[in-house]
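The values are calculated or read from the model by the stated rules, or taken from the named source; none is laboratory data. Since we're looking at a predicted model, the values are computed, not measured. Note that each Cβ is placed from the backbone with ideal geometry, even for glycine, and that neighbours are counted across all protein chains shown. Heavy atoms of the whole protein, side chains included, go into the accessibility calculation; ligands, DNA and RNA do not. Shrake-Rupley method; radii C 1.70, N 1.55, O 1.52, S 1.80 Å.
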Amino acid sequence: VQLQASGGGLVQAGGSLRLSCAASGSIGSGNAMGWYRQAPGKQRELVATISTGGRTNYADSVKGRFTISRDSAKNTVALQMSSLKPEDTAIYYCYARDFVAVRDYWGRGTLVTVSS
């Protein structure tokens, strides 16, 4: 399984960006997809995930500003980011977890830069 993310870029504070990720191959019938991010000098952290059943999980720092969605038939996941802040600047990594095989998959990352 390969994850290909797109949609990063430079945006001013208060602006919006949409990240997309497509998975090639089968992740498994029971899975979750989502996004993590890593800012310079910081550890990678969860941003948001969504299960095949549609259950979502968000980091407190993005609740109310980011929305995750997925198309399970197409194996895609998207992250709509609004009201962006400079502290959202990071490399965003697409992520998928196969709960049956107990295996994680990671994309290569896409850079999001929010200027003040």
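Given the options G15, G54, G64, G25, name the one that is surrounded by fewer than 17 Cβ atoms within 10 Å (Cβ to Cβ), modelled with pLDDT of 95 or more and on the phi > 0 side of the Ramachandran plot. Spell out the reasoning first.
On the way: G15 fails: on the phi > 0 side of the Ramachandran plot; G54 fails: modelled with pLDDT of 95 or more; G25 fails: modelled with pLDDT of 95 or more.
Matching residue, one of G15, G54, G64, G25: G64.
Determine the pairs where a residue that is farther than 14 Å from G8 by Cβ, located within the stretch 34-46, has a partner that is open to solvent by less than 20 Å² (accessible area, probe 1.4 Å) and among the acidic types (D, E) with Cβ atoms under 7 Å apart, the partner being 6 or more residues away or on another chain.
Note: no pairs meet the criteria.
R44 - would you say it is open to solvent by 70 Å² or more (accessible area, probe 1.4 Å), under 14 Å from R70 (Cα atoms) and not β-branched (V, I, T)?
no
Restricting to the stretch 48-66, what's the tally of residues that are out of contact with any helix residue (DSSP H, G or I) (no Cβ under 9 Å at 6 or more places or on another chain) and part of a strand (DSSP E or B)?
Taking the stretch 48-66 and keeping what is out of contact with any helix residue (DSSP H, G or I) (no Cβ under 9 Å at 6 or more places or on another chain), we get 48-60, 63-64.
Those still in the list that are part of a strand (DSSP E or B) too: 48-51, 56-58.
Residues that pass the stated criteria total 7.
Taking the stretch 2-12 as the search range and keeping residues that are surrounded by fewer than 17 Cβ atoms within 10 Å (Cβ to Cβ) and over 16 Å from the mean Cα position of the chain (by Cα), which one is nearest to A101 (Cα to Cα)?
This residue is L10.
What number of residues in the stretch 93-111 are open to solvent by 80 Å² or more (accessible area, probe 1.4 Å) and either hydrophobic (A, V, I, L, M, F, W, C) or assigned to a helix (DSSP H, G or I) (or both)? Let's see the steps before the verdict.
Pass one, the stretch 93-111, residues open to solvent by 80 Å² or more (accessible area, probe 1.4 Å): 97, 99-100, 102-103, 106, 108, 111.
Keeping just the survivors that are either hydrophobic (A, V, I, L, M, F, W, C) or assigned to a helix (DSSP H, G or I) (or both) gives 99-100, 102, 106, 111.
Of the residues in the stretch 93-111, 5 are open to solvent by 80 Å² or more (accessible area, probe 1.4 Å) and either hydrophobic (A, V, I, L, M, F, W, C) or assigned to a helix (DSSP H, G or I) (or both).
Kindly provide the set of residues from the stretch 69-92 that are in contact (Cβ under 8 Å) with a residue 24 or more places away in the chain, open to solvent by 30 Å² or more (accessible area, probe 1.4 Å) and assigned to a strand (DSSP E or B), ordered by number.
Listed by number, the residues that qualify are R70, T76, Q80, I91.
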